[in-house]
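Data first, discussion second: the structure below is written as structure tokens.
Each value in this text was obtained by applying a stated rule to the coordinates, not by laboratory testing. Here the structure is a predicted model, which is why all the values come from computation and not from measurement. Virtual Cβ from ideal backbone geometry, glycine too; neighbours counted across all protein chains shown.
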Amino acid sequence: MSLLLLIVQTLNGLQLGVLLFLIAAGLTLVFGVMDFINLAHGVQYMLGAYLAVMFYTLTGSFLAALVLALLASLAFGLLLEFAVFRHLYERDHLEQVIATFGIILFLNEGVKVAWGASPLSLPVPDAFSGSVVLMPGLLYPVWRIVIIAAGLALAALLYVLVTWTRAGMLVRAGASNARMVSVLGVNIRRLFMIVFGFGTMLAGFAGIMIAPILSVQPGMGDTVLILAFVVIVIGGIGSIRGAFLAALLIGLVDTLGRSFSVDILRLVMAPSPARTVGPAIASMLIYLLMALVLFFRPAGLFPAKGRG
Amino acid sequence: MSEPALRLESLSKRFGGIVVSDDVTLDIAAGELHAIIGPNGAGKTTLINQISGLLPSDGGRILFEGHDITALPAHARAALGLARSFQITSVLPGFSALQNVALAAQAHDGSSFHFFGRADDEEALNARARAALAEVGLSERAGEAAGRLSHGEKRALEIAIALAMQPRLLLLDEPMAGTGHDETATLAAMLRRLKGRFPILLIEHDMNVVFSLADRVSVMVYGRILASGTPAEVRADPRVIAAYLGEEAA
Amino acid sequence: MTDAALNAAPRRLLARRAGLWRPLALFAVLLVLPVVFGAQADYALSLIERVMIFAIAALGLDLIVGFGGLVSFGQAAFIGLGAYAAGILAFHGFGDTLLALPAALALSALFAAATGAICLRTKGVYFIMITLAFGQMAFFIASSLAPYGGDDGLTLRARSTILGFAPLADERVFYYVTCAGLLGIYLLCRALIGSRFGRVLRGAKENPTRMAALGYEVFRYQLVAYVIAGAIGGLAGFLLANATNFVSPAYMSWQRSGELIVMVMLGGIGTLDGAIIGAAAYILGSEYLSQLTEHWAMLFGPFLVLVVLFARGGLIGLAARLRRGAR
């Protein structure tokens, strides 16, 4: 276990955390304000990646691809909202889970039909390719730093929007008590659409940014979706701050856990069992964490006031 | 002097910065009908919630028939014979009136970890349920889904449910809330029939009902007991008059 | 979770002699199918066996979802645990039913008891998530069992023996054994929901505060129900391991748990019959669709959305509405 490896993995954990935050933010807002469980949020992320690849192939420019993919993501999200989701807001969670599960099935197959089942890739934009020297002997990919920076910037922007704008105040109020907000005369439909659209774009943006690093393939949204749900449950539903802290926590715990589980276990057991048990515990780590948090705080760490 | 059925010792509760129960001390004797009155927001329902176990107190003790029940969860207190009605009707809307009451009787009839045999067919439970429904005048409506009963019928059902528990203490949280003139009279007559069988703690706003039924009355304002005594004593107490009508009337 | 969608059916089921014709018809069909299929029908028989096995697991799930209001996203974990109990014992030479079946039931019941004690402290979506989390844990534990195949799973050399004899090797015998299992679990669930225990569980689903005020410790009843559902899942797992001669972590994935929820909802939540009908509709439907096109998910996905939007109460509810409309 070297210090350099520790630093690299910590940065990787931060990058994963920031990515999870981008996805979880939309999820927790939609859940908090509209009480809507959207399992299809993961495919929004996947779609963002696919659209980025498609537009890059068409235009040859990452920037153009980014903008076009974001817009297309938003359009598609709003289409889904209009056609399916808005009929589900009044239904109970079980029905929302099943309907959005159906959307996952449809889209996971749909991208296969549209773009084939083989993984696709997107090159890192030239300006940000390569690695940078952070410390003697420590090389770290520039693009990952860009992701971390972009994520933190968006987090800050979201914080400003939610805390200091009128729309943000309405969102926070809605997360506490949507019925009350509606009764006070706010156009709740428009608020829902704004919240949903924003969340969709964040997820799409995450997909676009990750495309140069991961392979773009059907079902890539599924694992991320589960992680995002773990994030919002630990963070507390409806809370952006909770989602941010929980996302970073999960990103770090998962990444560091996977890298160092065997080493940590070797402090207390022989190498051979450590090598079997280690990876198993590593994959379970975040679920153990969630179970632990829910045991002491059945409504998450920072539930929006008025819930939990 | 025999020990009181219910004794509250310095009960206190706060929500954040707001003190909802402020050093509440009260005794209720066996067979007594004790009414608690006071303006809205005085903390009356919060008090009942603490006694029944729905809300944990921040300080003080609750003694039920001499036993300290302060740390017991709600279901354990109910099992000891502490029955209550809710300010906002709380029944099982999908079950019939008879089944609602039978479930209450079932809770006090041995174990419910029986996995075979149709519970709805248990004659002993159904007979007790029918008796309780008859007491509150709901015999005709036994088969109706509780969710479809009228408001007044639901309030009566709540009392039937409490009776089927063979209560040793009955907590009634505004049983007349939202009922019309006739239904109020019916409920009041019912309470008069029940009086004396077991101690009753009654929260009510209807002063006619309170002063005609209660053995003793306590007045709660801002979470504390302002005055406590017989209806006549309380009616004449200058502090009570001041609280209700303003300082000048006192 | 109190909602119209979850409340309507249980009441109807409890009316005396309610819809006895439906389960009678279902089981009559199941009993007669092997005869109808004729001699060389092993593929068709194994397909119906899959239906019956998942129907068993779905019945356990309907018990806690439809009657307890506890939406578990981890039921597949119990199938997996039951399967692995049978598989691991068989691997070490202990392939007799007398050992494997109780082991499967015990393992799933224990896991249900331990995880249920934690899960049941939460409500609503938190409950859904934490059951999902424990399901994932079981999945990852199974994936890491390198001596038992890890990710690739474990092949069983033969089906479980019964007291040394191997009647289950005959497909028809296994079919009827599975059918008997389904019938037994169905009757068990029907008895449970009408019993004292079932009444308390159903009451707790409608109004847990009221039930506590009556003197019921709701947590204990829900935990017992959760354990029963888990054990039922374990039984399904034992049968699945025997049906396919294979156990794999894939049996426990969250997508499988999601499919079970879909089956229960497709048939009609809180009807018990719906669990069987839903399992049949899902498995046979996806089988049929996948013969039509490899992209059957693109048809099935929207179908689910349509069912949720327009067929509340699942297929049973739809049939009831059509009957009422036809009068």
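Starting from 0.36 nm per residue, how many nanometres of slack lie between A:T223 and A:A117 once their C-alpha separation is accounted for?
36.4 nm
So if we plug the beta-carbon distance of B:A30 and B:E144 into 1/(1 + (r/R0)^6) with R0 = 35 Å, what FRET efficiency do we get, rounded to 0.05? Spell out each step's value before the answer.
Numbers: r = 36 Å, r/R0 = 1.02.
For B:A30 and B:E144, the calculated efficiency is 0.45.
Alpha carbon centre of segment A:170-206 versus segment B:8-22: separation in Å?
Measuring centre to centre over Cα atoms gives 37 Å.
Let me have the 222 nm mean residue ellipticity of chain A computed from DSSP H runs of 4+ only, each contributing -39500 (n - 2.57), with the sum over all residues rounded to the nearest 500.
Result for chain A: -26000 deg cm²/dmol, rounded to the nearest 500.
Rounded, prolate or oblate: which fits segment C:112-166 when a ≥ b ≥ c are the square roots of the eigenvalues of the alpha-carbon gyration tensor, with rounded for a/c under 1.5 and prolate only if a/b beats b/c?
Taking the square roots of the gyration eigenvalues as a ≥ b ≥ c, segment C:112-166 is oblate.
Full extension from C:L183 to C:V29: what is 0.36 nm times the residue separation minus their Cα-Cα distance, to one decimal in nm?
Details: separation 154, 0.36 × 154 = 55.44 nm, distance 1.26 nm.
Result: 54.2 nm gained on full extension.
Please list, in chain and number order, the residues 5+ apart from B:G38 or on another chain whose amide H is under 5 Å from its amide H, with Hs placed from the backbone.
B:M220
Can you bin every Cα-Cα distance in chain A into 10 Å intervals starting at zero and give me the percent of pairs per bin, rounded to whole numbers?
6, 25, 34, 24, 9, 2, 0
Just to confirm the filter: which GluC sites (Glu not before Pro) across segment A:80-142 are DSSP coil and have at most 16 other Cβ within 10 angstrom of their Cβ? The partial results should precede the final answer.
Numbers: sites: A:E81, A:E90, A:E95, A:E109; in loops: A:E90.
Loop-located and lightly packed - A:E90.
Hey, what number do you get for chain C at 222 nm if only DSSP H runs of n ≥ 4 count, each worth -39500 (n - 2.57), divided across all residues, to the nearest 500? Provide the component values of the computation, followed by the final result.
On the way: 14 runs with 243 residues, N = 327.
Roughly -25000 deg cm²/dmol at 222 nm, from the helical runs in chain C.
If I model a spin label as a point 7 Å beyond the Cα along the Cα-Cβ vector, how far apart are those points for A:L5 and C:T209 in nm?
Label at A:L5, label at C:T209, 5.5 nm between them.
C:A250: net charge of surrounding residues, Cβ under 13 Å, Lys/Arg +1, Asp/Glu -1, itself excluded?
On the way: positive: C:R256; negative: C:D151, C:D152, C:E259.
Here the charged neighbours net out to -2.
Extent of the protein assembly as shown along each principal axis, from alpha carbon coordinates, in Å, largest to smallest?
The Cα atoms of the protein assembly as shown stretch 90, 70, 64 Å along their principal axes.
Taking C:K205 as the anchor, which lysines have their alpha carbon closer than 26 Å to its alpha carbon, excluding any fewer than eight residues away along the same chain?
Of all the lysines, those that pass the test against C:K205 - Cα under 26 Å, at least 8 places apart if same chain - are A:K305, B:K154, C:K123.
Within segment B:200-230, list the residues whose amide N lies under 18 Å from a label point set 7 Å along Cα→Cβ of B:D58.
Only B:221-225 pass the distance filter.
Filter the trypsin sites (Lys or Arg not before Pro) in segment A:82-133 to those in DSSP coil with at most 11 other Cβ atoms within 10 Å of their Cβ, and list the result.
none
Output the Cα-based Rg and Dmax of segment C:42-295 in Å, rounding Rg to one decimal and Dmax to a whole number.
In Å, with Rg to one decimal and Dmax whole: 17.7, 56.
Which aspartates and glutamates have a Cα lying under 13 Å from the Cα of B:K13, excluding residues fewer than 8 positions away in the same chain?
B:D22, B:D23, B:D58
Using alpha carbons only, how many angstrom separate the centre of segment C:161-181 from the centre of segment B:138-217?
Here the answer is 61 Å between Cα centres.
Starting from the Cα of C:L292, step 7 Å along the direction of its Cβ; do the same at A:E90; then give the gap between the two resulting points in nm.
Rounded to a tenth, the inter-label distance reads 3.1 nm.
Enter the Cα centre distance for the pair segment C:19-91 and segment A:253-276, rounded to the nearest angstrom.
40
Could you check how many percent of all C-alpha pairs in segment B:1-140 are farther apart than 18 Å? Intermediate values should be presented prior to the final figure.
Details: 6290 of 9730 pairs.
Considering segment B:1-140, 65 percent of its Cα-Cα pairs are separated by more than 18 Å.
With a cut-off of at most 16 other beta carbons within 10 Å, and DSSP calling the residue loop, which chymotrypsin sites (Phe, Trp or Tyr not before Pro) in segment B:143-250 qualify? Please list them. Write out the running numbers ahead of the final one.
Values: sites: B:F211, B:Y222, B:Y244; in loops: B:Y222.
Here the chymotrypsin sites (Phe, Trp or Tyr not before Pro) that fit, given the DSSP loop and packing criteria, are B:Y222.
Can you give the helix-only mean residue ellipticity at 222 nm for chain B, where every DSSP H stretch with n ≥ 4 adds -39500 (n - 2.57) and the sum goes over all residues, rounded to the nearest 500 deg cm²/dmol? Provide the component values of the computation, followed by the final result.
Details: 9 runs with 88 residues, N = 250.
Result for chain B: -10000 deg cm²/dmol, rounded to the nearest 500.
Based on the Cβ-Cβ distance of C:L47 and C:A117, what FRET efficiency does E = 1/(1 + (r/R0)^6) give at R0 = 45 Å, to the nearest 0.05? Write down the numbers at each step before the final one.
Values: r = 38 Å, r/R0 = 0.84.
The calculated FRET efficiency here is 0.75.
For segment A:162-308, divide the Cα radius of gyration by the Kirkwood radius and give the resulting Rg/Rh value with two decimals.
Computed over Cα atoms, the ratio is 1.08.
5 Å is the cut-off here: which amide hydrogens, built 1.01 Å from N in the peptide plane, fall below it relative to A:S131, excluding neighbours closer than 5 in sequence?
Amide H neighbours of A:S131: A:V142.
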